[in-house]
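Presented below is the structure to which this report refers.
The values are calculated or read from the model by the stated rules, or taken from the named source; none is laboratory data. These numbers come from a predicted model, not from an experiment. Using ideal geometry, Cβ is built from the backbone for each residue, glycine included, and neighbour counts are taken over all protein chains shown. The accessibility values were calculated without ligands, DNA or RNA, using every heavy atom of the protein model including side chains. Shrake-Rupley method; radii C 1.70, N 1.55, O 1.52, S 1.80 Å.
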Amino acid sequence: MSGSAPEIVPGWETVIGLEVHAELATVTKMFSGAPNRFGGEPNTNIDPVSLGLPGTLPVLNGRAVELAIRVGLALNCTVQRSVFARKNYFYPDMPKDFQISQFDLPINGEGWLELADGRRIGIERAHLEEDTGKSTHVGGGGRIHEAGHSLVDYNRAGVPLIEIVGRPDLRGTEDARAYVSELRSILVAIGASDGKMEEGSMRVDCNVSVRPVGQVELGTRCEVKNINSLRSLGRAIEYESRRQVDLLTAGERIEQQTRHWNEDEGRTHKLRSKEEAFDYRYFPEPDLMPVEPSEEWIAEIRAALPLLPRERRHRLAEAAGVETSATSLTVDRGLDDLAMATIHLGADAGRVLVHLENNLADGVGLLTAESFAALIALETGGDLTATQAKTVLASLVAEGGDPAAIASAKGFEAMDSGELEAIVDRIIAEHPDDWAALIAGDDKERKKKSGFFVGEAMKATRGQADGRAVNELLARRSAG
Amino acid sequence: MTERITRQDVAHVADLARLSLTDDELDAFTVQLADILDHAADLDALDLADVSPTAHPLPLVNVFRDDVIGPTSDRDEVLAAAPSVEDSQFKVPPVLGEGL
């Protein structure tokens, strides 16, 4: 994947930088004791602070700070002294007419995130801010720029957010999806957020620009908002790349603007008009003190972090002797602990990963490292064929037990090699034309006919023959 | 001395703050804001090389509260104070005036 990124429009490179907002998994809001809870009746999780009533004062939730530091450490950021700032704008989702955020002094500075293929994507910063209320646009077809009126629910207002600003290091839809998936896995692993895009607890704003392949300077970017799923993210990037290339090839210029992704129409449209080219007039929030995490506190938070997905991929890759990219599915499914334990019991690492990826997608049920390792020992020792092993594995998942006992209960006996030879010879004798075709055929024909004979051998042994052994026999017979 | 703030600056800031000012007010505030900026500029006369930037007049950091649920407001009482309500939510006019 590295080197040349896929081009959405031939000859053009798409450059992507993502800003991800994640709601922090606190019990209460950022600056007051109102509950941080999704899905309640509208305007029930509110208090004077979340409503921005005159005379209220914010008091910072220490847990939100701790979770933000966790995020910073997990993203290899510099955790630093930070100051809150007011971001001033008039919009009904923020009733006090400013949002408390961090501006020039974010809690987490420079960092990076490692994708499953080992590439590192730069993180510019990850700062704390409060979420806004939720507006629903009603009438006028439901599109935000032609809404008849809006309804506002302040349950979400004041929920603590971490905004993770990524560098424009991503080059295509796959990159963007891989980054968001990895980030979500990290946030969930460290307990900072539930990372649910569909519930809006993780939201992605996407900066997209295009440039001719080979050009060094970046094109003018547009920011796309309202992306609610990984699928929308890919579609929005593709749409926006094409739109920008079309404009440029028509000799027009890209205007830097915020655009709204419309999932139903599959397109973006301009959101904010020019006079709202936002001038937020940030200034330090006088009602909050700076946050200065001590070295001790940071060390304590670091020590309590679980292994991160990246570390788990490296750990399993090392134990199994494979590339980290070959371990990502197993780690994503949370089956790497089982894989490690099974490998430590001496099981063949390749078989462990193959079974985990192909045969255990629906969960591992009652399978233990011990029964898994014993099963793989039977398989690699030639006592069970791959097909039989798969059947026993399904039984171990459903009911547990001893793989050898299950195999013998199912009548899976290792076939004596003399017995198998006799069966194969009989099949050859019964199908002389096919055998002649196999001997005379080119590689393709030989492969096809070998497949036929293996199939017949399986039929004759009710699946107990080892396909590999049959193939070896066929090769020997046809050579002799 | 260079002009600290222009009439256009004041008009822009007023616009951002949704204030509509008369011409006389614009003139008056331009002078007043310039005076305030002049006053702040007096600091330039001091040698502050050894003074670290101040984020807040109080010498406190890390003022936190525990993550514990507190009282919430009564929805009906709150909504009763709103100019317009629909479906237990605040009903507001469209804001992003594009195309209107």
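Note every residue of segment B:63-89 with a reduction of at least 30 square angstrom in accessible area, all protein chains present versus the isolated chain, computed with a 1.4 Å probe, or write none. Residues passing the criterion (a loss of at least 30 Å², heavy atoms only) are B:63, B:64, B:65, B:67, B:69, B:72, B:73, B:75, B:78, B:86, B:89.
For segment B:7-85, the fraction of 1.4 Å probe accessible surface lying on carbon and sulfur atoms is 58 percent. Taking the protein heavy atoms of segment A:417-479 in the context of the full set of protein chains, the accessible area attributed to carbon and sulfur is 52 percent at 1.4 Å.
Rounded to 0.05, the FRET efficiency of the residue A:431 and residue A:264 pair, given R0 = 41 Å and the Cβ-Cβ distance, is 0.10. Only protein heavy atoms count here; on that basis, with a 1.4 Å probe, residue B:52 has an accessible area of about 80 Å².
If the chain linking residue A:476 and residue A:325 were pulled fully straight, counting 0.36 nm for each residue of separation and taking away their Cα-Cα distance, it would gain 50.6 nm. Measuring between their Cα centroids, segment A:151-202 and segment A:373-406 lie 41 Å from each other.
If R0 equals 25 Å, the separation of the Cβ atoms of residue B:80 and residue A:27 corresponds to a calculated FRET efficiency of about 0.30. Would you mind checking the tilt of helix A:309-320 against the longest principal axis of the Cα atoms of chain A, expressed as 0 to 90 degrees and rounded to 10? Computed tilt is about 20 degrees.
When the solvent-accessible area of segment A:1-160 is split by element, carbon and sulfur atoms take up 53 percent of it, the probe being 1.4 Å.
I'd like the interface area for chains A and B: accessible area of each alone minus the complex, both sides summed, 1.4 Å probe, protein heavy atoms only. What is it in Å² to the nearest 100? Using a 1.4 Å probe on protein heavy atoms, the buried area is about 4000 Å². Length gained on full extension, residue A:409 to residue A:279, computed as 0.36 nm times the residue gap minus the Cα-Cα distance: 39.3 nm. Net charge dipole, chain B: roughly 300 debye, given to the nearest 20, about the Cα centre with Cβ charges of +1 for Lys and Arg and -1 for Asp and Glu. When shorter helices are ignored and each DSSP H run of at least 4 residues is given -39500 (n - 2.57), the per-residue value for the protein assembly as shown at 222 nm works out to -11500 deg cm²/dmol.
Straight-line reach from residue A:444: taking Cα to Cα under 15 Å and skipping same-chain neighbours fewer than 8 places apart, the aspartates and glutamates in range are A:434.
Taking label points 7 Å from Cα along the Cα-to-Cβ direction, residue A:362 and residue A:78 give a separation of 5.2 nm. For a modelled paramagnetic label at residue A:292, 7 Å from Cα along Cα-to-Cβ, the residues of segment B:48-69 in reach, with backbone nitrogen under 16 Å, are B:51-64. A DSSP coil position with no more than 11 other Cβ atoms inside 10 Å describes the following trypsin sites (Lys or Arg not before Pro) in segment B:1-71: B:18.
Using R0 = 45 Å, the C-beta based FRET efficiency linking residue A:199 and residue A:387 works out to 0.60.
What pairs in A:87/A:196; A:196/A:225; A:96/A:270 have C-alpha atoms more than 20 Å from each other? Checking Cα-Cα distances, A:87/A:196; A:96/A:270 exceed 20 Å.
In this structure, the amide hydrogen of residue A:170, modeled 1.01 Å from its nitrogen in the peptide plane, lies closer than 5 angstrom to those of A:16, counting only residues at least 5 positions away or on a different chain. Peptide A:131-139 is shielded by partner chain Cβ atoms: per residue, an average of 2 of them sit within 10 Å of its Cβ.
Shielding of peptide A:39-45 by partners, expressed as the average count of other chain Cβ atoms within 10 Å per residue Cβ, is 4. With the simple spin-label model, which puts each label point 7 Å out from Cα in the Cβ direction, the residue B:63 to residue A:19 separation comes to 2.9 nm.
Along the axis of the charge dipole computed for segment A:274-380 (Cβ charges of +1 for Lys and Arg, -1 for Asp and Glu, origin at the Cα centre), the listed residues A:360, A:294, A:380 are led at the positive end by A:380. Accessible area of residue A:452 (1.4 Å probe, protein heavy atoms only, ligands and nucleic acids ignored): about 70 Å². Segment B:55-97 and segment A:87-138 have Cα centres spaced 19 Å apart. For the protein assembly as shown, the solvent-accessible area of protein heavy atoms averages 50 Å² per residue (probe radius 1.4 Å; ligands and nucleic acids excluded). Straight-line reach from residue A:447: taking Cα to Cα under 27 Å and skipping same-chain neighbours fewer than 8 places apart, the lysines in range are A:390, A:459. Computed from the alpha carbon positions, the gyration tensor of the protein assembly as shown leads to an equivalent ellipsoid with semi-axes of 62, 28, 24 Å, biggest first. Burial of accessible area (probe 1.4 Å, heavy atoms of protein chains only) in segment A:276-309, relative to its chain alone, reaches at least 30 Å² for A:276, A:279, A:281, A:289, A:290, A:292. Taken residue by residue and averaged, Cβ atoms of other chains lying within 10 Å of the Cβ of A:261-267 number 0. Its relative contact order, with pairs defined as Cα atoms under 8 Å and 6+ residues apart, puts chain B at 17 percent. Packing-based ranking of A:400-411, A:237-248 yields A:237-248, A:400-411, ordered from highest to lowest mean Cβ neighbour count within 10 Å. Give me the aspartates and glutamates in straight-line cross-link reach of residue B:91: C-alpha distance below 14 Å, same-chain residues under 8 apart excluded. Straight-distance partners of residue B:91: A:93, A:153.
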